[in-house]
Structures are given as C-alpha cells and as structure tokens.
Amino acid sequence: MSSTAPTREPDVRRPIGQVEVVALVILAILVSSRWLVPLLDHPSLSTWSTIFVAIVIQSTPFLVVGVILSAVISALLSERLLSRIIPKNPALGVPVAGVAGVGLPGCECAAVPIAGSLIRRGIAPAVALTFLLAAPAVNPAVIVSTAVAFPGQPEFVLARFIASMLTAVLVGWWVLSRGARLPISKRLRDFGADMSKREKFVETVRHDFLHASGFLVIGAMLAAAVNTFVPRHVVDTVAGQAVLGVLTLALFAFVVALCSESDAFVAASFTAFSDTAKLVFLVVGPAMDVKLASMEAGTFGVPFARQFVPVVMVTAILSAVGIGWWLL
Amino acid sequence: MTRPTQGLLMAFLGAVLVRLAFTDDYLRYVTAWMKWPILVSGVLLVGLAVGLVLSGHEKHDGHGHDDGDDGHGHGGIPLVTWLLVLPGLVTFVISPPQLGSYLAERRAGEAQTVAEPASLTDLEGDEVVPVDVTEFIWRAQDGGTTLEDQPVELTGFVSYDQQENWYVTRMTIGCCAADAISYQVKVADADKPARDQWVKVTGTYETGSGTDGTNPPSIVATGVEEIGAPTQTYE
C-alpha cells in the first residue's frame, strides 16, 4: 500500500453506487434463476459448473482458515515470540520451515496467505516460501491418503515425502540466493504500521481474502474446464514413453489442480504410467498448480510469480525423478 | 471497488456456503465431513463482511489506510476479485447437479482401480445382498470367485456406451468433485433405462468378467427397479 492512497470519490454523490448495482445483479440472478436454469441445461456445462463450484467450496474453508491465521500472525503474534520460533539464520530456517510444514494439515489455499503474512512480519521470504511449498505436501493427512491409495507400497509414501521436502528446501535456498533481486510485491512489506491491533486484524483479513479469492476463482474455472473437457485417455497415449510420460503428468498435475489430500487416488488410476511419472504427479501437484500460481500472482505480485512458478515446476520434476529413480 | 461492495461480495459467498450446507446440496460437490467447515466458514465470511463494512464507517474520514494499492484495480483490490460473485451465480443459476453419466461416459475405458474396501459385505446365503458398486468391482478383480452364484443388488445411475450396453454406475470422490473417479458394472439381460436414472439392479455376477481390471465386470440382471437419487450419490 502506498502512503498516498488515491482519493476515493465520495459515494454519496453518485445516484447509484457500486453496492446498489451489485446488490441488484445478485437479486436479479436469484429471481430469474427459475427461467434461466432450463436454458443452461447442457450436460457439459452442468458438469463444468459442478466441478467449478466443488473446487471453490472445497477451498474456501481452507482459505478462510489461512486468512484468519495470517491475520493472527500479522496482528497478534509478538515480535519476541516470532523471533524465538524462527531461527536467525535463513539458510538454516529453510529446512526448519520445511519440517514445520508437517504441522499444518490444510490445503495449499491456506498456505498462501500464511506465507504472505510471515513475509509481512519480516520473516525471510525464503523461509516463508519453503513453508508454503512444504505444508500442503508433507502433512499427515496427505501421508495417510497416499498410503491408502497405494496399498502395499510404503516406499511410495516415503518417496513422496522426501521429494516434496527436497523441492521445498531447494526452492527455499534458491529464493535465498536470489535475495533482493526477487521482485516480491512491496505491498507486503509496509502494511498498516499505524493501526491498532483490532483494525489490523480486520484489515489483514479483508486484504488477504480479497487478494487471494478472485485468483482462486480463476484457478477453479480453468481446472474445472480441464477436468471436464480433456479426456484422461488423451493423457494415456504417451504413457509408454519415459520422458514424455513424466512431462505429461507434471503438466497435468499443474492444470487439474487437485487438492493434495486426494490426488493420490487419481495418481493411482494412471495405471499405464511408470511409478516415477506418478510420483512426479504427486510432487508437482501440491507445490504448484494453476490455482496456486494464480493466487501467488495475486498475493506476491505477477513479476514474482513469473520467476517462482517455473522454478518450482522444474525443481519438483527433477526432485521427483531423482527420488523415484532411487526409491521406486 | 468500494468497501461496502467488498463486504457484499464476501457476504454473498458466505451466504451461498451457508445455504449449501443447510440444504445438503453440498453433498453434490464435496464429501460429507465438509459440512461443518463449509457452514462455519460461511458464517465467518458473513461476519467478517459485516465487521469490514462497520469498521469502514467508523473511520470514514480517517487516515486513508483502508486503500491498499497494488497498482492495478481501483482502491487496491485487484479487478479479478469481482469474480467472487461467480460461484454464487453459478450455484443459483445453473444449480449444478451431482456428477452423472456425462462424465462417467467420457471417463469410460480408464482403469477402474479399487482399493480393498475397509469392511467387506457378508456374502453367505441365498438371499439378495446389497453390495457397493466399488466392492463388486474389487471382488471381480480379486478373481471373482467370492461373487459366483451370489444374488446381489447394486445401486447406481445409468450410463451408456457406444455399443448398445448400459452400466450401473457410481462415482467416488476423495475430496471434491474434481477428483471424481467413475465405476461401472455392465448390466446384461435387461432393457436400458434412461441416462442418469437411478436404479437398483438385482442379479448375479457373470463369471470371469472384469477380472483384468481394465474392462468392467458384468451382472446378469434378474430385476431392474427405478428409484430416486439418494442424498449421498457418491460412494
């Protein structure tokens, strides 16, 4: 936020304000839905909208939790407590943040605002971003669901854990080495220095929710379209080729944006692919997908996302291939 | 975007969540345990929206710090935040149904991988036993011997294929409808009901079908009863 905020036009002068327009549109939708519904009855459209609404309402509770935790971190945690939790040396803080990810059993949507507020509180971006990458991938819920989806293959669970942790830590060190050259949105730096605790809490919630939720909706729209319109057997045609199989499942993990607690079941259904390719799907998915990339662009800025997203993708693919070759 | 508009968008999304949780419509999209998280986050969103609008009025001519600026959008909120109205709009206008034959038929031919059910149905005796579609498929892939000569009842919706066959079909979801996997059991010796019609099929397993895990197993039907869709359509 800049110190000289653009002056808003006073709402009172306008005959019809934004609020009234939005309220009217919502009302019109509610009233007209009875006549509109039969027109929009095509099965592909209703399948798309089912998946779209499903992703949004599955993610929103996690986003709300993330936003509230982020507001707690921003407004309520004392400097002393924060400095005691996080190691002074960021190079050491990176692996610690990776391990701390085990403790947040949430989906990736919760991790984005939390990482944002950690950076806002002066935590090294490398540490916060390592947490962002690790939390959705290595928490107990993910470990359990992976074990259920791959019965009798405990090495799969281990490989997923190690490869995800490796990805998070390596990217964390990369962020550290880039230092100030990484264009993280300045907005995160100076936020509400002159506010009371209560104000700051409300403002953080408002700011974080509104900056992430619209991008979540975009991600959900794209992911629902891929889920509905791209038949999975298209993906299967390249299953036999090692390199192409790995790249295809990595790309597929990016575009379908499944939540990390259930993607193992989908991975298990790619029976035609090699185990390494399935592992790539499981390591890329929680670290980076279309929904996350979109939310990260909203929270940390587009220039940052343009560098961060490809680096995470490449690191995740290489880690998974390396670990898969070693363990599977 | 003005502060009250921001509040309205948040409250609308919150209200949609609360409504979905109350009407059991949420079961079309996510698993049953999500009811409380959805309800609570919906209530929280409405509450936060109210708090946001109120605190904006308190310091109306305050220090201007309620306008975070990020260089795009007005008043610091990105333009894409308008999309927040979309989930509610889609929910009310299209009222998306539970996933059905459209997706199942597009996904037909994929391997139907089934994990061993946590508890198996007791299949002793001559009476008709209701069995989950996924358990039926798992037993078939397990060699099919436990299903032989056992009359069973399968519940699911109807999907077709390009030939003249039809299937009693069930979807499973792990998290939300995005990760749905469809399971089909081919029904032999019975007339085709309409697509997406929910049916109870009684019959016996066709020995040797569906053991390879790629082709669906078959049931030789002795009776097909049309029923209404259950509240929980996913297994």
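The values are calculated or read from the model by the stated rules, or taken from the named source; none is laboratory data. Fair warning: this is a prediction, and the values are worked out from it, not measured in the lab. Cβ: placed from backbone, ideal geometry, glycine included. Neighbour counts: every protein chain shown.
Residue-by-condition table, conditions (1) surrounded by fewer than 19 Cβ atoms within 10 Å (Cβ to Cβ); (2) in a loop (DSSP other than H, G, I, E, B); (3) in contact with a helix residue (DSSP H, G or I) (Cβ under 7 Å, 6 or more places away or on another chain); (4) within 14 Å of chain A (Cβ to nearest Cβ):
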site	(1), (2), (3), (4)
B:PHE157	no, no, yes, yes
B:GLU164	yes, yes, no, no
B:VAL185	no, no, yes, no
B:ASP191	yes, yes, no, no
B:THR207	yes, yes, no, no
B:GLY213	yes, yes, yes, yes
B:VAL220	yes, no, no, no
B:GLU226	yes, no, no, no
B:THR231	yes, yes, yes, no
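If the condition is being part of a loop (DSSP other than H, G, I, E, B), without any contact (Cβ under 8 Å) to a residue 24 or more places away in the chain and surrounded by 12 or more Cβ atoms within 10 Å (Cβ to Cβ), then the stretch B:123-139 contributes only B:VAL131.
Considered as a group, the residues in the stretch B:101-122 that are outside any loop (DSSP other than H, G, I, E, B) and in contact (Cβ under 8 Å) with a residue 12 or more places away in the chain include one that is farthest from the chain's Cα centre (by Cα), and that residue is B:GLU105. Restricted to the stretch B:20-36, and to residues there that are more than 10 Å from chain A (Cβ to nearest Cβ) and in contact with a helix residue (DSSP H, G or I) (Cβ under 9 Å, 6 or more places away or on another chain), the residue that is nearest to A:THR50 (Cα to Cα) is B:LEU27.
Per the conditions (1) modelled with pLDDT under 90; (2) touching a Gly at 6+ places or on another chain (Cβ under 8 Å); (3) surrounded by 19 or more Cβ atoms within 10 Å (Cβ to Cβ), the sole criterion not satisfied by B:GLY144 is (3).
Determine, yes or no, whether B:THR121 is of a type in the set (Ser, Thr, Tyr) and either under 22 Å from A:SER269 (Cβ atoms) or out of contact with any Leu (no Cβ under 9 Å at 6 or more places or on another chain) (or both). Talk me through it step by step, then tell me what you get.
Details: of a type in the set (Ser, Thr, Tyr): yes; either under 22 Å from A:SER269 (Cβ atoms) or out of contact with any Leu (no Cβ under 9 Å at 6 or more places or on another chain) (or both): yes.
Answer is yes for this residue.
Quick one: would you say B:THR145 is in contact (Cβ under 8 Å) with a residue 24 or more places away in the chain and among the hydroxyl-bearing types (Ser, Thr, Tyr)? Against the criterion (in contact (Cβ under 8 Å) with a residue 24 or more places away in the chain and among the hydroxyl-bearing types (Ser, Thr, Tyr)), B:THR145 does not qualify.
Here is a yes/no grid of residues against (1) at pLDDT below 90; (2) assigned to a helix (DSSP H, G or I); (3) touching a His at 6+ places or on another chain (Cβ under 8 Å):
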| residue | (1), (2), (3) |
| --- | --- |
| A:ALA223 | yes, yes, no |
| A:ALA239 | yes, no, no |
| A:LEU251 | no, yes, no |
| A:VAL280 | no, yes, no |
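With respect to A:VAL255, determine if the residue is outside any loop (DSSP other than H, G, I, E, B), touching a residue at least 24 places away in the same chain (Cβ under 8 Å) and within 22 Å of the chain's Cα centre (by Cα). If you could, list the steps in order and put the result at the bottom.
Details: outside any loop (DSSP other than H, G, I, E, B): yes; touching a residue at least 24 places away in the same chain (Cβ under 8 Å): yes; within 22 Å of the chain's Cα centre (by Cα): yes.
When the stated conditions are applied, A:VAL255 passes them.
Tallying residues that are in contact (Cβ under 8 Å) with a residue 12 or more places away in the chain and either closer than 28 Å to A:PRO310 by Cβ or in contact with a Ser or Thr (Cβ under 8 Å, 6 or more places away or on another chain) (or both) within the stretch A:143-177 yields 24.
A:ALA126 - would you say it is modelled with pLDDT of 90 or more and touching a Gly at 6+ places or on another chain (Cβ under 9 Å)?
Values: modelled with pLDDT of 90 or more: yes; touching a Gly at 6+ places or on another chain (Cβ under 9 Å): yes.
It is true that A:ALA126 is modelled with pLDDT of 90 or more and touching a Gly at 6+ places or on another chain (Cβ under 9 Å).
Among the residues in the stretch B:168-180, are any within 30 Å of B:GLY14 (Cα to Cα), within 7 Å of another protein chain (Cβ to nearest Cβ) and charged (D, E, K, R)? The answer is yes; a qualifying residue exists.
There is at least one residue in the stretch A:68-88 that is at pLDDT 85 or above and at the interface with chain B (Cβ under 8 Å from one of its Cβ atoms). Restricting A:GLY116, A:GLY122 to residues that are buried (at least 24 other Cβ atoms within 10 Å of the Cβ) and closer than 26 Å to A:GLY298 by Cα narrows the list to A:GLY116.
Within the stretch B:142-154, is even one residue part of a helix (DSSP H, G or I), more than 30 Å from A:ASP289 (Cα to Cα) and within 14 Å of another protein chain (Cβ to nearest Cβ)?
Taking the stretch B:142-154 first, the residues part of a helix (DSSP H, G or I) are B:145-147.
Then keep just the ones that are more than 30 Å from A:ASP289 (Cα to Cα); that gives B:145-147.
Next, from what is left, pick out any that are within 14 Å of another protein chain (Cβ to nearest Cβ): none.
No.
Within the stretch A:7-27, is even one residue at pLDDT below 70 and facing another protein chain (nearest Cβ under 7 Å)? Scanning the stretch A:7-27 turns up at least one residue that is at pLDDT below 70 and facing another protein chain (nearest Cβ under 7 Å). The residues listed here are A:PHE254, A:PHE273; of these, the one that is of a type outside the set (Ser, Thr, Tyr) and within 13 Å of chain B (Cβ to nearest Cβ) is A:PHE273. Any residue that is under 28 Å from A:ALA257 (Cα atoms) and buried (at least 23 other Cβ atoms within 10 Å of the Cβ) - is there at least one of those in the stretch A:70-88? Yes, that holds for at least one residue. All conditions but one from (1) at pLDDT below 85; (2) more than 7 Å from chain A (Cβ to nearest Cβ) apply to B:LEU39; the one that does not is (1).
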